[in-house]
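*Asks:* Here it is: the structure, laid out below.
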């Protein structure tokens, strides 16, 4: 039963990935939103300067999510 569940999950993930690849050109015109989850290191603690709107969270424009989104392009 466990192997069957793994196969079903893998098939579902493959279908989602195929939809993302096939549907990408149609959605490429509009900017996509990129969301990254993580701890304080992911938010950019220690990577000065900090975003003043982030308050005590100390988010930095040099955090990996923002750098990745800007390098890939088309993401907010």
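Just so you know, all these numbers are worked out from the coordinates, no wet-lab data involved. Note that the structure is a prediction, hence the values are computed from the model and not measured. In this analysis, Cβ positions are derived from the backbone assuming ideal geometry, glycine residues included, and neighbour counts consider all displayed protein chains.
*Asks:* In nm, to one decimal, how far is the modelled label at residue 71 from the one at residue 10, with both set 7 Å along Cα→Cβ?
*Replies:* For residue 71 paired with residue 10, the spin-label model returns 3.1 nm.
*Asks:* Which order results if 39, 51 are arranged by neighbouring Cβ count within 10 Å, fewest first?
*Replies:* 39, 51
*Asks:* A further question on this structure: Taking each pair of distinct Cα atoms in the range 31-76 once, what is the resulting Kirkwood hydrodynamic radius in Å? Could you put the intermediate results ahead of the total?
*Replies:* Working: mean 1/r = 0.0926 Å⁻¹.
With all distinct Cα pairs of the range 31-76 included, I get 10.8 Å.
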